[in-house]
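**Student:** Please read through the structure below; I'll follow up with questions.
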Amino acid sequence: MRALILRSFLFPLCLAAAGARAADDISVEARRRDEALEVVCRAMLEAPLELIWQTLTDYGRLAEFIPGMRKSRVVSRNGAVSVVEQSGEARFLFVTYPIEVTLSSTERPPYGIDAVLLNGNLKRLDGAYRIEPQGGGRMLLTWTGLVEAVSMPPLIGEMLMRSSIEDQFRGMVREIERRETLRRERAREPGR
């Protein structure tokens, strides 16, 4: 457990030193919870709530900016609930695990989204995004989830899922920051 927490702390520091860090403040923690892996990702963002919300709920375009995701499409919508099919792969070092899932995504505007696995090749995937205003135009974005892969050795499965979730979260953060940069550039244009 201690080694996993230490890796969770050191990995973002190594990325920052390499210039690959997406946000000013980002952290990823992972630990075993029964048969599943519990992962908590946090990032401090300087972007409006509406822009963050629009990015999180842009299900049809997620594959354009989420690492490892090949396809994401909305199958149906019913009020605040969207059924979303996603496919891609999780990677860690030389190990690749294909991901094919259908999720129920319940939107709780403007601060939360809950996602639950309906079917697919994962045993379990329950996750939630939360947006918390922090003052001064800053927002804390958190993703918390439980994930369990089917038929993988525990240590490899944990590292694979943790790495993949971190990559995906960082991809989301980078897209939010990219959209915010564009929004600010457009606001500075003459005549606006």
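The values are calculated or read from the model by the stated rules, or taken from the named source; none is laboratory data. Note that the coordinates shown come from a computational prediction; the quantities given were computed from them, not determined experimentally. Cβ placement follows ideal geometry from the backbone for every residue including glycine, while neighbour counts extend to all protein chains displayed.
**Student:** On the basis of being among the polar types (S, T, N, Q) and more than 19 Å from LYS123 (Cβ to Cβ), does SER72 make the cut?
**Tutor:** yes
**Student:** Another one. Here are some residues: ARG91, ARG179, ARG162. Which one is at pLDDT below 95, in a helix (DSSP H, G or I) and of a type in the set (Lys, Arg)?
**Tutor:** ARG162
**Student:** Can you name the condition, by its number, that ARG42 falls short on among (1) closer than 27 Å to VAL150 by Cα; (2) free of Cβ contacts under 8 Å to residues at least 24 places away in the same chain; (3) not hydroxyl-bearing (Ser, Thr, Tyr)?
**Tutor:** Against the list (1) closer than 27 Å to VAL150 by Cα; (2) free of Cβ contacts under 8 Å to residues at least 24 places away in the same chain; (3) not hydroxyl-bearing (Ser, Thr, Tyr), ARG42 comes up short only on (2).
**Student:** Here's a follow-up. Out of all the residues in the stretch 74-88, which are part of a loop (DSSP other than H, G, I, E, B) and within 17 Å of LEU118 (Cα to Cα)?
**Tutor:** Passing the criteria: only ALA80.
**Student:** Follow-up. Residues being without any contact (Cβ under 8 Å) to a residue 24 or more places away in the chain, surrounded by fewer than 19 Cβ atoms within 10 Å (Cβ to Cβ) and at negative phi: count how many of those fall in the stretch 118-153.
**Tutor:** 6
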